[in-house]
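Please treat every number below as a calculation from the coordinates, not as lab data. Not measured: the values here are computed from a predicted model. Note that we place each Cβ from the backbone using ideal geometry, even for glycine, and neighbour counts take in every protein chain shown.
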Amino acid sequence: MPDWDLGQLRALAAAADLGTFDAAARALHVTPSAVSQRIKALEQTAGAVLLHRDRPVRPTAAGEPLVRLARQLDALTADATRHLTGDTDVPRVTLAVNGDSLTTWVLPALAPLAGRVALHLVREDQDRSAELLRDGSVMGAVTSQAVAVQGCTVEPLGVMRYRPMASPAFAARWFGDAWRVDGVRPAALAAAPVVVFDADDRLQDRWLRRRRVDPARPPRHLVPASADFAAAVRLGFGWGMLPAQQSDDDERAGRLVRLTDDAVDVPLLWQQWALRTDALDAVATALRTAAAAGLER
């Protein structure tokens, strides 16, 4: 097993984070030549090229696990230092969270930790957050991926239930005054505008296919922010799939109506580095508690 040098690992992570050897050198208070020499030495130990020397530089497939190792060692070192010296520096935890979870239940869950942990939140689709865990950009993620990323643990949180919602005026205009009785007809769905989060949002497509409607037919509005997406549906831009946590109040107040009772369920899981620090433990506990109270099982 190689004897990894912490200084070399830090040089690798700094270059990967900041994009150039010059920026890494400034952050580490050394010369660019020293950064280059440390990374070359680490590559000799690893027996592989660890960085693509582009602008910006970026880790190779062989370099990603070592960048992650560098960040994990920094987190563990900082945690140990706080215990041994009483250091009052606030620990940092980086998380990837999908937009809907961030808007509805994750921020309230983490609010009590705001004075004890510096939270760096990356909004990322639940289907793609594993990439950020894999390259070490984040320490934990609310994700839909059940297979643990190498070096991580995974546990289920619950299910986010999405339902097709629209404003009452939109539903009457596109589906007819009697749509509540007659149901939403496929021909009408093929013409009615739909709101989607971004080009990778497949929730509306999944529901349309259940109704035997080609998802390519309806016109689309792209609204790439969770709160703005819900606002667009309320304002009648189109119909869209909204989580119960985001639509229940509007439905009770009559600002939104449910097109049908069938929903699309998205399982959410918590993946985190397979290590223990006080800050990461506190974040994981807060998310588990909130998910148990607010998500479907």
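Cα convex hull, the chain: 157 Å³ per residue, rounded to a whole number. Report, in degrees rounded to the nearest 10, the 0 to 90 angle that the Cα long axis of helix 32-46 makes with the longest principal axis of the chain. For 32-46 against the chain, the angle is about 80 degrees. Using the rule -39500 (n - 2.57) for each DSSP H run of four or more residues, divided by the residues of the chain, the 222 nm mean residue ellipticity is -13000 deg cm²/dmol.
Within the chain, antiparallel bridges make up roughly 65 percent of the DSSP beta bridges whose residues both belong there. Determine the sum of side-chain charges near residue 31: Lys and Arg each +1, Asp and Glu each -1, restricted to other residues whose C-beta is under 12 angstrom from that of residue 31. Summing Lys and Arg as +1 and Asp and Glu as -1 gives +1. Take the Cα radius of gyration of the range 6-82 and divide it by 2.2 N^0.38 Å, N being the number of residues; the result is 1.03.
Listed peptides 13-23, 114-124, 256-266 appear in the order 13-23, 256-266, 114-124 once ranked by packing, highest mean of other Cβ atoms within 10 Å at the front. Residue order for 251, 64, fewest other beta carbons within 10 angstrom first, comes to 251, 64. Shape summary: the range 113-199 maps onto an equivalent ellipsoid whose semi-axes, from the alpha-carbon gyration tensor, are 40, 15, 13 Å in decreasing order.
Mean separation of Cα pairs under 8 Å and 6 or more residues apart, divided by the residue count, gives the range 90-297 a relative contact order of 33 percent. Look at the dipole of the chain built from charges on Cβ: of 139, 240, 181, the Cα furthest out on the positive end belongs to 181. Using only side-chain charges placed at the Cβ, +1 for Lys and Arg and -1 for Asp and Glu, the dipole size of the range 33-127 relative to its Cα centre rounds to 360 debye.
Based on C-alpha pairs under 8 angstrom that are at least 6 apart in sequence, the range 6-82 has a relative contact order of 33 percent.
Look at 247, 144, 226 and count the other Cβ atoms within 10 Å of each Cβ; fewest to most, that gives 144, 226, 247. Among 14, 51, 30, which residue has its Cα positioned farthest towards the positive end of the charge dipole of the range 1-99, with +1 placed on the Cβ of Lys and Arg, -1 on the Cβ of Asp and Glu, and the dipole taken about the Cα centre? So the residue we want is 51.
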